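Shown next, in C-alpha cells, is the structure this report addresses.
The values are calculated or read from the model by the stated rules, or taken from the named source; none is laboratory data. The structure displayed is predicted, hence computed values, not measured ones. Glycine also receives a Cβ, built like all others from the backbone with ideal geometry; neighbour counts cover every protein chain displayed.
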Amino acid sequence: MFCAALAACDEPKEAEAPVGPGFVQVAYEALPAWSDGAQAGALEALRGSCARMIKVPADKPLGSPLLAIERRDWVVPCTEAQVLDATDDAAARRFFEKHFVPFKTVPAAEDKDGNGLFTGYFEPELRGARQPDNIYRYPLWTRPADMVTVDLGEFDETLNGRRLVGHIEGARLVPYHTRGAIDGGALKGRGLELLWLDDPVDVFLLHVQGSGQVVLPDGGVVRVGFAGHNGHGYVSIGKALIERGELESHQASWGGIRDWIDSNPDKASALFAVNPRFIFFREIAGDGPIGSQGVALSAGRSLAVDTAFVPLGLPLWLDTTWPGQTDRPLNRLVVAQDTGGAIKGLVRGDFFWGYGDEALAQAGKMKSRGTYYLLVPNAAADRHRAPAS
C-alpha cells in the first residue's frame, strides 16, 4: 500500500497520486527550505527513538498500516546517529540524505487541498500537594486496577491497532466510566488519588496535555505523565463552546476557554463532562515528559501523529506556519514520538513546544495548516518502492 498506484516511482517528481491516501517519493529538493534547515537539532530526539526501536523484538512491526518498517531498517542509521555532532547542521543534513528517502503525503482523491492541521501542546506547571486540604481539593487519579484493555487484533488481525477499554460487570465487559461519572464520584474511596491540585481548570488542562510538573507547597516538583485513559473518544470543549455560540472560533484558544470558565464557574463541570475521555497519571522520575513511544519528548522537535498512518520514531520534515502567523513559514525536522486522542488523519500533528509560559503561549494559539514529508529509512523505502512503469 505504501507506494500504491504510483506511476514511475523511479522518477519521483513526475509520480501520480494514488487513488487513496498514501505517500509518494520525492527528491530532497522538493522539501521547502530543506537546504537551509537546522537538522542537527533533531538528532537528540532521533537518538531517543533509536534507543527504543533497536531494543524491540525482531518480529515486532514498527510501521503503520500504510508503511511497514522493521527493527533491522533502523540499525544502520541509528548506529551512525549516535556519533554525529549535534551542532553540525551540514553533517546532519548529509546524514539524513544518505540514510533516508523523503516521501510526500498524498491524500485521498476527493481531498483536493491535501493540507492538514497542526496544533500545539506543552508541559504545564501546576500547583498541588500530596494530601488534600481546603486549597488542594481536586485530584489526579492513578490507573484503576479494574480497568481492562482489550487488543482486538489478538482476536481478528483485520482489527490490528484497535483497542477497547472497560471493566467487568458480572460476566460482561462494559465501557469504563466516563469523565462525568468519575468526576461525580465513581472512583471515590478507592485510594487512587495521586496528587491534589488547587484548580479544576488546571486538572482539565493536564488531561488535555497529558503530562506536567506539579510544584508542591515545600517547593519540590513532581513530574506526572500519562498512565492510561478510559477508552472514550476525545471531544473538544472549545468546539462545543463555538457550536453553542458561547465563543467565536478565533476566541477558542486555551486562554479564551479559561476566560469563559472564569466567567461561568457554575457551568465548568458540565463543560468538562462534554469530553468523556478521562486520563490517569503516574509519577515520572528523570527526564520527561514521556510520549507514546516511551521516550522523553524534545521541545520543538517532537510531534504527536496518528499511527494509523505515520510510524512512531520516523523523522518528518514539517511544512507549516508559526502560531498566529500564517505568512511565517515553520519548516523544521521533527520526530514522530507521541499520539493524542484528537490527532487523527493522514496529515495531522500536535507540535510539542516544551515547558512553561512561553510554550503555553505558542501551543495555545497554534492552528496552522500545512503538511509534512516522511523520511523513510532506505531499507524500508526499497521494499515498498513500486517498480518503474
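Let me confirm something: among Leu312, Leu333, Leu316, Leu346, which residue is of a type in the set (A, V, I, L, M, F, W, C) and either assigned by TED's automatic domain parsing to the domain that holds Gly180 or in contact with a Lys or Arg (Cβ under 8 Å, 6 or more places away or on another chain) (or both)? Step through it out loud before you land on a result.
Values: Leu312 fails: either assigned by TED's automatic domain parsing to the domain that holds Gly180 or in contact with a Lys or Arg (Cβ under 8 Å, 6 or more places away or on another chain) (or both); Leu316 fails: either assigned by TED's automatic domain parsing to the domain that holds Gly180 or in contact with a Lys or Arg (Cβ under 8 Å, 6 or more places away or on another chain) (or both); Leu346 fails: either assigned by TED's automatic domain parsing to the domain that holds Gly180 or in contact with a Lys or Arg (Cβ under 8 Å, 6 or more places away or on another chain) (or both).
Just one listed residue meets the conditions, Leu333.
Could you pull out every one of the strands (runs of 3 or more DSSP E) wholly within region 268-357 that has 1 or more residues that are on the phi > 0 side of the Ramachandran plot?
Values: elements: 279-284, 302-304, 315-322, 325-338, 348-355.
Output list reads 348-355.
Please indicate, with yes or no, whether at least one residue in region 332-351 is over 22 Å from Phe226 (Cα atoms), over 16 Å from the mean Cα position of the chain (by Cα) and at pLDDT 90 or above.
Scanning region 332-351, I find at least one residue that is over 22 Å from Phe226 (Cα atoms), over 16 Å from the mean Cα position of the chain (by Cα) and at pLDDT 90 or above, so the answer is yes.
Does Leu43 satisfy the condition of being among the hydrophobic types (A, V, I, L, M, F, W, C), crowded, with 16+ Cβ neighbours inside 10 Å, touching a residue at least 40 places away in the same chain (Cβ under 8 Å) and part of a helix (DSSP H, G or I)? Write out each step before concluding.
Numbers: among the hydrophobic types (A, V, I, L, M, F, W, C): yes; crowded, with 16+ Cβ neighbours inside 10 Å: yes; touching a residue at least 40 places away in the same chain (Cβ under 8 Å): yes; part of a helix (DSSP H, G or I): yes.
Yes, satisfied.
Give me the pairs: first residue in region 144-158 and in contact (Cβ under 8 Å) with a residue 12 or more places away in the chain, second residue in a strand (DSSP E or B) and among the charged types (D, E, K, R), beta-carbon distance under 8 Å, and six or more apart or on different chains, which are they?
Thr149/Arg163; Val150/Arg163; Asp151/Arg163; Leu152/Arg163
Report the residue count in region 1-35 for those that are more than 22 Å from Asp382 (Cβ to Cβ), within 26 Å of the chain's Cα centre (by Cα) and modelled with pLDDT of 90 or more.
2
Just for region 281-295: of the residues that are surrounded by 17 or more Cβ atoms within 10 Å (Cβ to Cβ) and under 17 Å from the mean Cα position of the chain (by Cα), which one is nearest to Gly185 (Cα to Cα)?
So the residue we want is Phe281.
Which of the residues belonging to region 90-102 are farther than 15 Å from Val335 by Cβ and assigned to a strand (DSSP E or B)? I'd like the intermediate steps shown before the answer.
Of the residues in region 90-102, the ones farther than 15 Å from Val335 by Cβ are 90-91, 93-94, 97-98, 101.
Within region 90-102, Val101 is the sole residue that qualifies.
What residue, among those in region 360-389 that are surrounded by fewer than 20 Cβ atoms within 10 Å (Cβ to Cβ) and among the hydrophobic types (A, V, I, L, M, F, W, C), is nearest to Gly291 (Cα to Cα)?
Ala361
One residue is enough: does region 131-138 have a residue meeting the conditions buried (at least 17 other Cβ atoms within 10 Å of the Cβ) and either within 30 Å of Phe309 (Cα to Cα) or modelled with pLDDT under 95 (or both)?
Filtering region 131-138 for residues buried (at least 17 other Cβ atoms within 10 Å of the Cβ) gives 136, 138.
The next check asks that each one be either within 30 Å of Phe309 (Cα to Cα) or modelled with pLDDT under 95 (or both); those that pass are none.
Within region 131-138, not a single residue is buried (at least 17 other Cβ atoms within 10 Å of the Cβ) and either within 30 Å of Phe309 (Cα to Cα) or modelled with pLDDT under 95 (or both).
Of the residues Thr87, Thr105, Thr119, Thr79, which is in a loop (DSSP other than H, G, I, E, B), of a type in the set (S, T, N, Q) and either surrounded by fewer than 18 Cβ atoms within 10 Å (Cβ to Cβ) or in contact (Cβ under 8 Å) with a residue 40 or more places away in the chain (or both)?
Numbers: Thr105 fails: in a loop (DSSP other than H, G, I, E, B); Thr119 fails: in a loop (DSSP other than H, G, I, E, B); Thr79 fails: in a loop (DSSP other than H, G, I, E, B).
Criteria check complete, one pass: Thr87.
Select from region 130-165 the residues that are hydrophobic (A, V, I, L, M, F, W, C), within 22 Å of Gly63 (Cα to Cα) and touching a helix residue (DSSP H, G or I) at 6+ places or on another chain (Cβ under 9 Å) and list them in ascending order. I'd like the intermediate steps shown before the answer.
Let us first name the residues in region 130-165 that are hydrophobic (A, V, I, L, M, F, W, C), namely 135, 140-141, 145, 147-148, 150, 152, 155, 159, 164-165.
From what's left, within 22 Å of Gly63 (Cα to Cα): 150, 152, 155, 159, 164.
Leu152, Leu159, Leu164, listed by residue number.
Every residue in region 165-181 that is surrounded by 15 or more Cβ atoms within 10 Å (Cβ to Cβ), of a type outside the set (S, T, N, Q) and either under 24 Å from Asp306 (Cα atoms) or not assigned by TED's automatic domain parsing to the domain that holds Val214 (or both), please. Spell out the reasoning first.
If we filter region 165-181 for residues that are surrounded by 15 or more Cβ atoms within 10 Å (Cβ to Cβ), which is where we start, we get 165-167, 176-181.
Checking which are of a type outside the set (S, T, N, Q) leaves us with 165-167, 176-177, 179-181.
Once the filter is applied, which keeps residues that are surrounded by 15 or more Cβ atoms within 10 Å (Cβ to Cβ), of a type outside the set (S, T, N, Q) and either under 24 Å from Asp306 (Cα atoms) or not assigned by TED's automatic domain parsing to the domain that holds Val214 (or both), region 165-181 yields Val165, Gly166, Tyr176, Arg179.
Among the residues of region 209-238, write down those that are within 17 Å of Pro276 (Cα to Cα) and exposed (fewer than 15 other Cβ atoms within 10 Å of the Cβ).
Residue satisfying the conditions is Gly233 alone.
Go through region 145-156 and give me each residue that's of a type outside the set (Val, Ile, Thr), under 21 Å from His207 (Cβ atoms) and touching a strand residue (DSSP E or B) at 6+ places or on another chain (Cβ under 7 Å). Step through it out loud before you land on a result.
Our first condition is that a residue be of a type outside the set (Val, Ile, Thr); within region 145-156, this holds for 145-147, 151-156.
Now drop any that are not under 21 Å from His207 (Cβ atoms), which leaves 145-147.
The answer is Asp146, Met147.
Looking only at region 124-139, which residues are aromatic (Phe, Trp, Tyr) and part of a strand (DSSP E or B)?
Step one: of region 124-139, the residues aromatic (Phe, Trp, Tyr) are 136, 138.
Listed by number, the list holds a single entry, Tyr138.
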